[in-house]
Amino acid sequence: MAWLRLQAVAAVLALLAAAGVTHSFEFHEATVDAIQLGFRNGSLTSAALVRFYLDQIRRMNPLLHAVIEVNPDALRQAARADAERRRGMATGALHGVPVLLKDNIATCDALNTTAGSLALLGSVVKRDAGVAARLRRAGAVVLGKASLSEWANFRNVHNGWSARGGQTRNPYVLSSDPCGSSSGSGVAAAANMAAVTLGTETDGSILCPSSFNSVVGIKPTVGLTSRAGVVPITPRQDSVGPMCRTVSDAVHVLDAIVGYDKLDAAATRTASKYIPRGGYLQFLKKDGLKGKRIGVPNEFFQGVGEKQMRVYKQHLATIRLSHFKSP
C-alpha cells in the first residue's frame, strides 16, 4: 500500500511539473487578480492556465455545449505571453489571460465566425472585431468561441440552441433554461471553461444568461464598445460586454474593450468621451454598498417551492450579515 501511495504522489508531482506550475495555485474559480498574482509569484504560467481550461472544455463541453470551437493557436499565444512576461513586457490585467468570445464576434485567426449557423461555416475573416483587437492589445489569449442562440436569437429557437453548436445547457440544473442569446458565454464562465468571456446584447442577451447561470454581466451603453466585426441585429441597440464570475473580473474586461473605433465611429465617437480617466476599476470598493438600503421585491418569489424559498431567505440573511440594510 505504501508503494502504491508513493506511485500516486509521484504521478501527481509529474503532472504538476508538466504543467509548469506549483501546487499553490488554485485554478477553479480563479479571478483575474489571482491569475496575475500567480504570474508574478511564479506559481502560474499562461500555458498552464490555457491547458487547464482546455481540459475543462474537453471534459465538460460534451455535456454543456458551451464552446463552439477551440482556437488551435491558444497554447502558442500563451507561450508568447509567458515569454513577454519574462522580458518585462506584460501589458496589463488581461495579459496572458484566456478569453472566450461569443461566436458572432469576428477574430482574425483560424476560428470560424458563424453566429451558430451552418450557413456561415468556413467564414474565417480577415480582420479582428474592434473588441477582439483591443483584447489582443491587452495581451489576452483568444481561447475560442462560445456557443449562442443561433443568429443571437434573431430567429425563433430555444435559448442556447444553434445548428452548429447544439443545445447549450445550464451547468447548475441541466434541464433548466440557460437563457440567451449569449448562452455559451454565461455557461462557460460559470463552469470554469475560461477565465473571462464576452457576450453581446440587443435585448437582454448579456443580462439574462448572466442571471440564469449565476455570473456577472455588464451591458455597456451603446457606443462604449465597438460593434465593428460583430454580426449585427440593430445599430440602435447592439452592444458587446463582459460575462465573468466576479464583478472585478467583468470590470477588468470592460476597461480593456471600451473606446473609440473608426470602424464604428458613429456610435463610439460620442460615447468614448464619457469613459472615465483611469478606467472603471477605480470605482470598485469592497465596502461601497455598506449601509445602503436594498429593496426586496418579495412578489417575484410568491408561489415558489419550499426549498427555493428557504434558499432565498438564506440569501437575504447573508446580505444582512454583509452590513447592508434591507426593509
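Return the inverse of the average 1/r over all pairs of distinct C-alpha atoms in the stretch 22-283, which is the Kirkwood hydrodynamic radius, in Å to one decimal.
On the way: mean 1/r = 0.0561 Å⁻¹.
Averaging 1/r across every pair of different Cα atoms and inverting gives 17.8 Å.
So what J values fall out for the stretch 27-33 if you push phi through Karplus, 6.51 cos²θ - 1.76 cosθ + 1.60 with θ = phi - 60°, rounded to Hz, Gly and Pro as x?
With the stated coefficients, the stretch 27-33 comes to 6, 5, 6, 5, 8, 4, 5 Hz.
Using a basic spin-label model with each label point 7 Å from the Cα along Cα→Cβ, how many nm lie between Glu306 and Glu29?
Here the modelled spin labels are 2.9 nm apart.
Straight-line reach from Lys219: which lysines have a Cα under 17 Å away, not including same-chain ones fewer than 8 places off?
Here the lysines satisfying the reach criterion relative to Lys219 are Lys102.
Could you pull out every residue, at least 5 positions away or on a different chain, whose amide H is within less than 5 Å of the one on Glu69? Hs are placed 1.01 Å off N in the peptide plane, and Pro or chain starts have none.
Residues meeting the amide H criterion: Lys145.
Give me Met243, Met60 sorted ascending by neighbouring Cβ count inside 10 Å, so fewest comes first.
Numbers: Met243 35, Met60 18.
The most exposed by this proxy come first: Met60, Met243.
Please arrange Cys179, Cys208 by counting, for each residue, the other beta carbons lying within 10 Å of its beta carbon, fewest first.
Cys208, Cys179
Amide H of Val196: which non-local residues (sequence gap of 5 or more, or other chain) have their own amide H closer than 5 Å, using H built in the peptide plane?
Amide H neighbours of Val196: Leu100.
Of all alpha-carbon pairs in the stretch 90-157, indicate the percentage at a distance above 15 angstrom.
Numbers: 1195 of 2278 pairs.
Of all Cα-Cα distances in the stretch 90-157, 52 percent exceed 15 Å.
Sort all Cα-Cα distances of the stretch 288-327 into consecutive 10 angstrom bins from zero, then give the percent of pairs in each bin up to the one containing the longest distance.
Here the calculated profile for the stretch 288-327 is 28, 50, 21, 2.
In debye to the nearest 20, how big a dipole does the chain give about its Cα centre with +1 on each Lys and Arg Cβ and -1 on each Asp and Glu Cβ?
On the way: 38 positive and 23 negative charges, 146 e Å.
Dipole about the Cα centre, nearest 20: 700 debye.
Applying the Karplus parametrisation 6.51 cos²θ - 1.76 cosθ + 1.60 with θ = phi - 60° to the phi angles of the stretch 203-218, what ³J(HN,Hα) value in whole Hz is obtained for each residue in order, glycine and proline being reported as x?
Those phi angles translate into 8, x, 6, 9, 5, 5, x, 5, 5, 5, 10, 6, 10, 9, x, 10 Hz.
Mean separation of Cα pairs under 8 Å and 6+ residues apart, divided by the residue count of the stretch 288-327: what relative contact order is that in percent?
Normalised by residue count, the contact order of the stretch 288-327 is 75 percent.
Using a basic spin-label model with each label point 7 Å from the Cα along Cα→Cβ, how many nm lie between Arg277 and Lys126?
Placing both labels 7 Å beyond Cα along the Cβ direction yields 4.1 nm.
Shape verdict for the stretch 213-327, please, from the Cα gyration tensor: rounded (a/c under 1.5), prolate (a/b greater than b/c) or oblate.
Judged from the Cα gyration tensor, the stretch 213-327 comes out prolate (a/c at least 1.5, a/b above b/c).
May I ask you to derive the FRET efficiency for Ala119 and Asp287 from their Cβ-Cβ distance with R0 = 41 Å, giving the value to the nearest 0.05?
Values: r = 51 Å, r/R0 = 1.24.
Once rounded, the FRET efficiency stands at 0.20.
Once you have the Cα-Cα distance between Ala79 and Arg269, take 0.36 nm times their residue separation minus that, and quote the gain in nm to one decimal.
Details: separation 190, 0.36 × 190 = 68.40 nm, distance 3.56 nm.
Separation in residues times 0.36 nm, less the Cα-Cα distance, equals 64.8 nm.
Tell me, what is the percent relative contact order of the chain, built from C-alpha pairs under 8 Å that lie six or more residues apart? Display every interim value, and only then the final one.
Values: 653 pairs, mean separation 45.6, N = 327.
Relative contact order here is 14 percent.
Given the C-alpha centroids of the stretch 135-195 and the stretch 242-316, what is the distance between them in whole angstrom?
19
Which residue, His158, Val304, His65, has the largest displacement toward the positive end of the dipole of the chain when charges sit on each Cβ (Lys, Arg +1; Asp, Glu -1)?
Val304
So what are the three principal axis dimensions of the stretch 129-274 from its Cα atoms, in whole Å, longest to shortest?
That gives 44, 31, 22 Å along the principal axes, largest extent first.
Just so you know, all these numbers are worked out from the coordinates, no wet-lab data involved. All values derive from a computational prediction rather than experimental measurement. We place every Cβ from the backbone using ideal geometry, glycine too, and count neighbours over all the protein chains shown.
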